[in-house]
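The values are calculated or read from the model by the stated rules, or taken from the named source; none is laboratory data. Given the structure is predicted, the values throughout are model-derived calculations rather than measurements. A quick note on method: Cβ atoms are made from the backbone with ideal geometry, for glycine too, and the neighbour counts reach across all protein chains shown.
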């Protein structure tokens, strides 16, 4: 191995080790700062909100840097035109299914999946496939499947996973049917059509892309996108932390504990602005079901809580124009309402 390449690989490994060390230290550091240094009570709403903010802000920013850089690195030598042509040749339906399945195996919450959405979009992956990932990624992951199976049984687990995958595939179909990519922010449309990137991918087949070329391209992509979204990440997580710390679970049981038709759309409308991840929502599902909340209402509320959030919508506003953002939120509201009504009407028991 050439000495120059060896040193570059050593630097890359050292940089990743620093990133991994910082990422793994977020949770214990946030806990110590909140309850040790700042002295908040373990059960205080303000303490929960502060810990949430101190944990999620650096987590999302670190993921943003890593994911955008990694995707930029791959894009430097990836002929996305050939990838798109392959997907077209195999049928767009396969692309939606692959996007949804990839979302299901990536352990991201609604906000953490935004960096990958940005990377896929700038790589000119069709918006429908990217949207299938964005919808499914926060809804399903392997940890949640294990928890669901253990707490609520295999029937509910299959219902939940099937509904999550269907939501992603249907969302992708709708976005492409409406040609929703025209409602992306101008800077993304310019990035998708940038001649320099097309030239780079065309040349990838004729010459070897060097380590330095990949690094410079990925670093430039990371800086450009980070500058655009970091302030909105902080603002969004701050709002989510307030909701997380101060909205009591008992309110939902008291106000949505009947099978009246309006309880499902109300549960979805209340759930969409809130912010949690699917692993955290599983015990809440169990609690709500044990306290008498109908199955469909519980499913609709919990899916809306993890699939979208006010912080995520604020971050997506930087890459989506208002019509696309409204379409995204409206689609989730309608779909989860229909799923809730369906499961409430079926004679299902957990």
* To do: Tell me which residues, restricted to the stretch 84-113, are modelled with pLDDT under 75 and either under 26 Å from residue 57 (Cβ atoms) or surrounded by 16 or more Cβ atoms within 10 Å (Cβ to Cβ) (or both).
  => 84, 87, 105, 106, 107, 108, 109, 110, 111, 112, 113
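Assess whether residue 165 counts as being at pLDDT 90 or above, within 19 Å of the chain's Cα centre (by Cα) and in a helix (DSSP H, G or I). Please lay out each step first, then the result.
Numbers: at pLDDT 90 or above: yes; within 19 Å of the chain's Cα centre (by Cα): yes; in a helix (DSSP H, G or I): yes.
Against the criterion (at pLDDT 90 or above, within 19 Å of the chain's Cα centre (by Cα) and in a helix (DSSP H, G or I)), residue 165 qualifies.
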* For residue 320, work out the one condition from (1) out of contact with any helix residue (DSSP H, G or I) (no Cβ under 7 Å at 6 or more places or on another chain); (2) under 21 Å from residue 173 (Cβ atoms) it doesn't fulfil. => (1)
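Of the residues 174, 151, which single one is in contact with a helix residue (DSSP H, G or I) (Cβ under 9 Å, 6 or more places away or on another chain), over 18 Å from residue 308 (Cβ atoms) and either at pLDDT 90 or above or not in a loop (DSSP other than H, G, I, E, B) (or both)?
On the way: 174 fails: over 18 Å from residue 308 (Cβ atoms).
Only one candidate passes the filter, namely 151.
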* Asked: If residue 192 satisfies every condition in (1) within 25 Å of the chain's Cα centre (by Cα); (2) at pLDDT 80 or above; (3) surrounded by 16 or more Cβ atoms within 10 Å (Cβ to Cβ) but one, which is the exception?
  -> (2)
* Asked: Does the stretch 310-325 hold any residues that are out of contact with any strand residue (DSSP E or B) (no Cβ under 9 Å at 6 or more places or on another chain) and modelled with pLDDT of 90 or more, and which are they?
  -> 322, 323, 325
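Can you tell me which residue among 230, 261, 251 is at pLDDT 75 or above, part of a helix (DSSP H, G or I) and either within 19 Å of the chain's Cα centre (by Cα) or more than 30 Å from residue 191 (Cα to Cα) (or both)?
On the way: 261 fails: part of a helix (DSSP H, G or I); 251 fails: at pLDDT 75 or above.
Within the list 230, 261, 251, the selection yields 230.
Looking at the stretch 135-144, can you tell me whether even one residue there is more than 30 Å from residue 290 (Cβ to Cβ), in contact with a helix residue (DSSP H, G or I) (Cβ under 7 Å, 6 or more places away or on another chain), at pLDDT 80 or above and in a helix (DSSP H, G or I)?
Of the residues in the stretch 135-144, the ones more than 30 Å from residue 290 (Cβ to Cβ) are none.
No, the conditions are met nowhere in the stretch 135-144.
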* Among the residues of the stretch 11-45, count how many are within 15 Å of residue 241 (Cα to Cα), assigned to a helix (DSSP H, G or I) and modelled with pLDDT under 90. => 1
